[in-house]
Amino acid sequence: MREAQFQFASPLLWALAAAAAFATMAVNPAAMVPTGQAAVGGVAPFANAPLALAQAMALSGLIFYTFPATLLGGQAALRDDEAGVGPLLHATPLRTREYVAGKLAGVLLALGAVAFGHALLIACWHLASAWLGARLVIGPISLVAYALPPLLFLGPGIALCAVVGFALGERTRSPLAVYAAASVLFPLGVAGLVPRPPGVLDGWVDGFFVLVDPWGARWLSRTVFAVDRGAAWFNDAAIPFDLAFWVSRAVMAAGCAVIVVAAMRHCERVVRGRETSRPAPAGAMAPTEAAAVVRRQPLGPPATIRPPGALEASLVLARAELAQLVRQPGAWIFAAFLCLLVLEHAGATRGVLDSPVRWTAGLLATSLVPTVTAMGALFLLFSLSDALDRGSRTRAVAVVHATAVPTSALLLGPLLASHVALAGLLAGGALVALASSTGGAAWPLPFVWGLLLAPSSAAWGAAVLLAWAFTHDRAKTIGIGLGLLALTAAAHLQDRLEWWSNWPLWGVLRWSESGPALDMAREPLLLNRVLFTALAVALTIIAIGRFPRREADRLRARPGMLRAPGSRMALSLAFLAGGLLVHGVARSTDGSAARTRDADYWRLNVAAWSGAPLATIERLDARIDLHAPSAGRVHGTVRVSGRYRLRNESPAALGALPFTLGPAARSVRWTLDGASIAAEDRAGLFVLRPAMPLPVDATVEAGFDYDLYLGDGYRRGVEAVEFVLPSSVQLDTLGRHLLPVPGFVAGVGESAERRHEPAPGPSVPPGQARAPIQGNPRPFRTRLEITAPSGLSVVATGEKTAEFERDGRGVTVWESGPQGVRFVSLAAGRWTPRYGDGVAVYHHPSLAHTAAEVLETLTSARRRYSEWFGAYPWSRLRLAVMPDHATRARSFPTLIHFSEGMGLFSGDGPGAPAATIVAVHEAAHQWWGHLLTPAAAPGADVLLEGLAHYSTLLWLEAERGPESRQAFARHLEEQYVSRRRVDLERPLVALAAGTDHERSSAENRGAWAFWMLDRQLGRERLLAGLRELIERYRGGPHHPTLEDALALLRVRAHDAAAFDHVADFWFRGTELPELELEVVRSGAFAPGRHDLVVAVAGAAGLELTLAAFGAAGERSDMPLQAGVARWNLPFAPLRVVADPDLQLLQLHRSRAAVELH
Amino acid sequence: MLEIRDLVKVYPGPVAALHGVRLDVPRGLFGLLGPNGSGKSTLMKILAGLLAPTSGRVVLDGVDVTDRPQLVWPRLGYLPQDFGFYPRLTGEAMLRHLLDLKGVGERSRRSRIALELLDRVNLGAAAGRRVAEYSGGMRQRLGIAQAIAGDPELLIVDEPTAGLDPEERLRFHHLLAELAETRTVLLSTHLVEDVAMLCPRFAVLRFGRLLLEGTPQQARRAIPGRLAEGLVARDALEPLRRTARVTQHLLFEGRHRVRLHVPEGPLPPEFVEVPATLEDAYMLLTLDDAARTLPASA
């Protein structure tokens, strides 16, 4: 009971209780269930559904209880030792096992009380919400639903953490070991939740993680939440406890018991003297014996005293601290765990299309920054607070503080020791990272983890020093530190870390092997580092000034915090750097000024100009000058001038010509037919009003001239699809920066509150124009004259028709030709070009190997697609490999922007290397996007992404064989099933593709749906229909909807009813086959002959083939008829599989097979 | 010379630990005597620069060091009453570490100096053992070793002989006496015997007030009347306490040996006159002070 009293008095326990209470009030358990739609009506999951409560308890346990439970357990073991009462207690009749059991019982009682209170509070909160009509959706109240999760999910986790903490504290008597255990258990738990693509974890490894997950969260995610079954199902379903769950609980109980027994035995050995810390050295005599022989020495000549300076004393103290630190198991636990995390990251992280990443040192260094900084911060917090506390704990401060050591050294010594130990940890991690990388220079690791992160660790260490100087208490210092880390993590997760607050550099470092390191954000990065270096200096100076080496008199006034020399200067520098960062962030293209302008754009123009009649672009002539960046500016400016020839194809005269330009455009000037005109600037929507309205079918030339400051200010995120850097440039007209976009651009200035469901498809009579999903209604001719600094190669939309030098700068001219384009893009870089048959790849020399593969792929894709979907109208299709400032590939007419993160550092994807699949997909968009642009109507994305994926399936089968196609099809199926939201799913023909699950439907179900049509119609009929679709709609202004495409294909069906069945099921419905196999009969009816009958449910009347497999690899296929497949087999069947060749999209493919024994 | 001027220390509460202490500590051994809670350790901490006084001044060799403890530390050897060492380090490593911090001698000689110091305090044979394995007396001797390291000009030792066996205690007395020949040594203790044995000058502190400053001889001579010693039965002890001023009371062969202060008149029966000791003087002083302060505080 005494231990329980101690625990109840612990601020940590109360902090845990407060956090649990906060979580109860702030987090809706139903929000943790990935189903339903409660935002705007719809079916919502109950907050008190058994599964919601189980998930809430499991996640709360992991997030809130791991650290406190481990620390409280460890402190229970350490407290008596540190207070020196251990010998007193062990001198009583108390037996060691009673001592250990009592201690643990006290800890568990206290934690159990918090958990009980937590569960009770949740129940009360739900009841109150039900009565008060709060926003929580509450279902039927069930006591069991509230009682079981704390017992089965929270309880075992709390027990394991507390027991592990206690056992480590008891064994090592080292606080750092306990802290290290907490630091390990938390990320291990989080890692258990992260869904891994198939193949990353073998089934048994996954099963092992389920067994050892104390909170049961992994079991829940694998068993319950892997597939969405709709809110109604989740609301009614009981927790489906299975054998794996009970075994995992048993493993927890057994693990706890073993650990407790081991702790008891160890405690017994230590207390009763059967184990000594270290035997006395041989030959050492007892002091009394020695006294008899030691000669009394005369007092020798006085030794000289030269008090050490701050640096020397710091080094002395650091050396001593380091010697203490390396002897502590906690430091080694941290080191081992960091190496494990690096290995896990390198081995388990998946790139595009779930492909394994071929890491370079730079990629690993930057992608591991969050891991390294989080672990480093925890290590610094724990080791430094432990080192600072050691003097008080051992009472050595009474001696040390009276020496002539400068006060600064008393803090700088431990600080230095912790940093040296941290450097050792990072060096170990870096070696593991280097061993995990596939090649390339090693310098990025020390550069990023050493040089770049040094200010982070210095600032963090200084913050810990300051917390210690004020509290002079280890627990409070750790509490403050953990609170700061939690705040940082919360800000990061909510995307609120700014350049001036992002001390650990989370999410702002992107590595490129195609250009200079980190050139996207050098200036803010430098200022950020200056800010936190200055802050580190200032905080350290303040901490030294406040360090209570000499106990101050409370009745006397203390000097101000900033009185220490240097602190003001450092703080001033920090304020200056911070101010520059705040200003830079505010003025960037995603800063507050731009956001305000965009909001104004929406407010001023959405009613006036959304859907307003527009003139059609007939021709574009533009001059684009990519300026060399000046020394003081990271991003260059671009000067743009040119003119559109516009034709009024609307039924009435146009009195105004609206154009949208992004906030990066400055000094904008307009002309109409060569004469200057003052445009009305409506927050970025420029309205040109000709003197006379533009008559129907008349033309006018609208000229524009402006400077583009795309790199002005510091973007909050470094991900950018458009950029102008010294080493590379990427611009396009899907955005609103490069060229003026006619009319109002939907989406700009929309906030979450203003976002709305899209309108249903426009009711346009057949034969009338349907607007394209984006861009000009018709293709238009373009001529781009692009000037760039010498050494920078440029590619752009169209064919290169001229190349020359002007004033020492390279000029290239690009023309689209008569076939015209709807979009324009350009890219520039320092490349090595590779040419194939009608294709070219532009890449950095370091990416030569993958580039060769991409070139071959592109050549083949162009040839195949030309055969299948119609001839490619341009002489060359180009692919420019760009730095990975946005991991994205985008296809524009004649030019594909392909960031290096899209598989160039990846291994095999599903069916082919990831880069190959992405290149094939993007090449398909030349047809499905540019030659055919769908109408702005629901289902448009199916014609874009679904058909691009379908094209990829075709290409894989044709070029790489059926297995490749099947592997990719399986990947699409897994993506669709895992992202599907049953309650929100809309048929493909009604998709708006505004959300992740709708995009997934369009891409993945869309591709499979066309594959079903392929099977129903026959390949040639479908391809002929698709060619006709392109030819009919290519020139605009009519653009097809998905229904238009289905109607066109239906004409070619030999069985219209069967076509309608397939089209209705896959395109107009949301159902998904979920096959259940049952062996009705199986046995030998004659020597060598086997009879097998299998019934299949859930096929929804779709055609399906089953296959029986024998031991020697025999296979026999059988079509499903009336739900039954019958075989007369010449071999003994071992396994029956439904849809063995992946011809049918289904929900649970793993269940569509039975083993016969 | 260490000059203490009107030193006041008030802890939150408020609790006054020192009431304007004024004291001159000359070169040589100076004893600070007082019962538990008299303010000795507070005074020691202030003199060692580890505690800021509420008011008053501390002057060392003419330099005011009250708010500049960094001027004291290089010249100070300090053995606090309550202290410890890093348990995982060996005695030699710990001492070497402290020598590094104090800057004692040449760096290359510090290991040798550490071993010499350990020999001086009779810990040479245990130099390689971890401090965690030291007995209380051994730790105390290690504390003494670090305090005398570097031949400090000012040595402040707070209850230094606590935990030492008689032999070590004697050794330490010799050592202190030797050290005091050339420096100021401030010995804080509640053991009158130590002061009587070692200190040519001493002061008595009680409830934060200085009751006496002088030599042991002066203290003994200042006692008016005579001192008497005798053996009494247990039953007679309490009546005797009520009627006479008992300065010492010891058990001797099962009987009670009592020393009394007899200001005037005849000695009690079976008591013989004995010369006054410093302990008698100290006890009478504290009894007188208690008689003065108790009614006031009540």
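The values are calculated or read from the model by the stated rules, or taken from the named source; none is laboratory data. In this text, all values refer to a predicted model and were calculated from it rather than measured experimentally. Here Cβ is always computed from backbone atoms with ideal geometry, including for glycine, and neighbour counts include all displayed protein chains.
Tabulated values for the structure
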quantity	calculated
Hey, B:A125 within 7 Å of chain A (Cβ to nearest Cβ), in contact with a Pro (Cβ under 9 Å, 6 or more places away or on another chain), surrounded by fewer than 24 Cβ atoms within 10 Å (Cβ to Cβ) and under 27 Å from A:S408 (Cα atoms) or not	no
Residues of segment B:83-105 classified as among the charged types (D, E, K, R) and in contact (Cβ under 8 Å) with a residue 24 or more places away in the chain, total	3
Selection within segment A:347-357 - within 15 Å of the chain's Cα centre (by Cα) and assigned to a helix (DSSP H, G or I)	A:A348, A:V352, A:L353, A:D354
Helices (runs of 4 or more DSSP H) fully within segment A:946-1054 counting 2 or more residues that are of a type outside the set (G, A, S) and either in contact (Cβ under 8 Å) with a residue 60 or more places away in the chain or surrounded by 23 or more Cβ atoms within 10 Å (Cβ to Cβ) (or both)	A:947-960, A:962-979, A:1006-1017, A:1019-1033, A:1042-1050
Unique match (being more than 23 Å from A:F744 (Cα to Cα) and of a type in the set (G, A, S)) among A:G711, A:G662, A:G703	A:G711
Selected residue (only one of A:A409, A:A421, A:A402 is touching a strand residue (DSSP E or B) at 6+ places or on another chain (Cβ under 6 Å) and of a type outside the set (F, W, Y))	A:A402
Residues that are at the interface with chain A (Cβ under 8 Å from one of its Cβ atoms) and crowded, with 20+ Cβ neighbours inside 10 Å, drawn from segment B:101-112	B:L101, B:K102, B:G103, B:V104, B:G105
Among (1) among the acidic types (D, E); (2) part of a helix (DSSP H, G or I); (3) within 25 Å of A:P818 (Cα to Cα) - the single one A:D600 does not satisfy	(3)
Number of the condition not met by A:E722 [criteria: (1) within 30 Å of A:N528 (Cα to Cα); (2) surrounded by fewer than 18 Cβ atoms within 10 Å (Cβ to Cβ); (3) of a type in the set (D, E)]	(2)
In segment A:223-257, the residues that are surrounded by fewer than 17 Cβ atoms within 10 Å (Cβ to Cβ) and of a type in the set (D, E, K, R)	A:R229, A:D236, A:D242
Selected residue [surrounded by fewer than 19 Cβ atoms within 10 Å (Cβ to Cβ), among the aliphatic types (A, V, I, L, M), within 22 Å of B:E133 (Cβ to Cβ) and at pLDDT 90 or above] from B:L115, B:L79, B:L98	B:L115
Top-ranked residue of segment B:113-122 - restricted to ones that are touching a residue at least 12 places away in the same chain (Cβ under 8 Å) and at the interface with chain A (Cβ under 7 Å from one of its Cβ atoms), ranked as farthest from B:L50 (Cα to Cα)	B:N122
Hits in segment B:183-218 - residues which are touching a Lys or Arg at 6+ places or on another chain (Cβ under 9 Å), of a type outside the set (A, V, I, L, M, F, W, C) and in contact (Cβ under 8 Å) with a residue 60 or more places away in the chain	B:R183, B:T184, B:S188, B:T189, B:H190, B:D194, B:G208, B:E213, B:P216
Residues (more than 19 Å from A:E945 (Cα to Cα) and in a helix (DSSP H, G or I)) located in segment A:1055-1068	A:A1056, A:A1057, A:A1058, A:F1059, A:D1060, A:H1061, A:V1062, A:D1064, A:F1065
Unmet criterion (only one of (1) touching a strand residue (DSSP E or B) at 6+ places or on another chain (Cβ under 7 Å); (2) of a type in the set (D, E); (3) not in a loop (DSSP other than H, G, I, E, B)) for A:D681	(1)
Among the candidates A:F1065, A:F1085, residue that is among the aromatic types (F, W, Y) and modelled with pLDDT under 90	A:F1085
Output for segment A:381-392, where each listed residue is surrounded by fewer than 24 Cβ atoms within 10 Å (Cβ to Cβ) and more than 8 Å from chain B (Cβ to nearest Cβ)	A:D389, A:G391, A:S392
Residue list for segment B:63-82, filter: free of Cβ contacts under 8 Å to residues at least 12 places away in the same chain and either away from chain A (no Cβ under 12 Å) or out of contact with any strand residue (DSSP E or B) (no Cβ under 9 Å at 6 or more places or on another chain) (or both)	B:V63, B:D64, B:R68
One residue from B:A145, B:A162 being surrounded by 20 or more Cβ atoms within 10 Å (Cβ to Cβ), of a type in the set (A, V, I, L, M) and more than 9 Å from every other protein chain (Cβ to nearest Cβ)	B:A145
Test: residue in segment A:304-319 that is out of contact with any Lys or Arg (no Cβ under 6 Å at 6 or more places or on another chain), polar (S, T, N, Q) and in a helix (DSSP H, G or I)	yes
Qualifying position, being facing another protein chain (nearest Cβ under 7 Å) and among the basic types (K, R), among B:R88, B:R96, B:R57	B:R88
Test for A:P565: is it more than 14 Å from chain B (Cβ to nearest Cβ), over 41 Å from the mean Cα position of the chain (by Cα), modelled with pLDDT under 90 and not in a helix (DSSP H, G or I)	yes
Residues of segment A:148-184 that turn out to be part of a helix (DSSP H, G or I) and within 26 Å of A:R269 (Cβ to Cβ), as a count	23
Yes/no for A:R890 being part of a helix (DSSP H, G or I) and touching a residue at least 12 places away in the same chain (Cβ under 8 Å)	no
Considering residues of segment B:165-180 that are under 18 Å from the mean Cα position of the chain (by Cα) and without any contact (Cβ under 8 Å) to a residue 12 or more places away in the chain only, the residue surrounded by the fewest Cβ atoms within 10 Å (Cβ to Cβ)	B:P166
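Residue by residue, here is whether (1) surrounded by fewer than 23 Cβ atoms within 10 Å (Cβ to Cβ); (2) at pLDDT below 90; (3) at negative phi; (4) in contact with a Ser or Thr (Cβ under 8 Å, 6 or more places away or on another chain) holds:
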residue: A:E312; (1), (2), (3), (4): yes, no, yes, no
residue: A:A318; (1), (2), (3), (4): no, no, yes, no
residue: A:E321; (1), (2), (3), (4): no, yes, yes, yes
residue: A:V326; (1), (2), (3), (4): yes, yes, yes, no
residue: A:G330; (1), (2), (3), (4): no, yes, yes, yes
residue: A:A335; (1), (2), (3), (4): yes, no, yes, no
residue: A:E344; (1), (2), (3), (4): yes, yes, yes, no
residue: A:A348; (1), (2), (3), (4): yes, yes, yes, no
residue: A:S355; (1), (2), (3), (4): no, yes, yes, yes
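Table: residues versus (1) surrounded by 24 or more Cβ atoms within 10 Å (Cβ to Cβ); (2) in contact with a His (Cβ under 7 Å, 6 or more places away or on another chain).
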{"site": "A:P833", "(1), (2)": "no, no"}
{"site": "A:E853", "(1), (2)": "no, no"}
{"site": "A:T857", "(1), (2)": "yes, no"}
{"site": "A:A871", "(1), (2)": "no, no"}
{"site": "A:S875", "(1), (2)": "no, no"}
{"site": "A:A880", "(1), (2)": "yes, yes"}
{"site": "A:E900", "(1), (2)": "yes, no"}
{"site": "A:G903", "(1), (2)": "yes, no"}
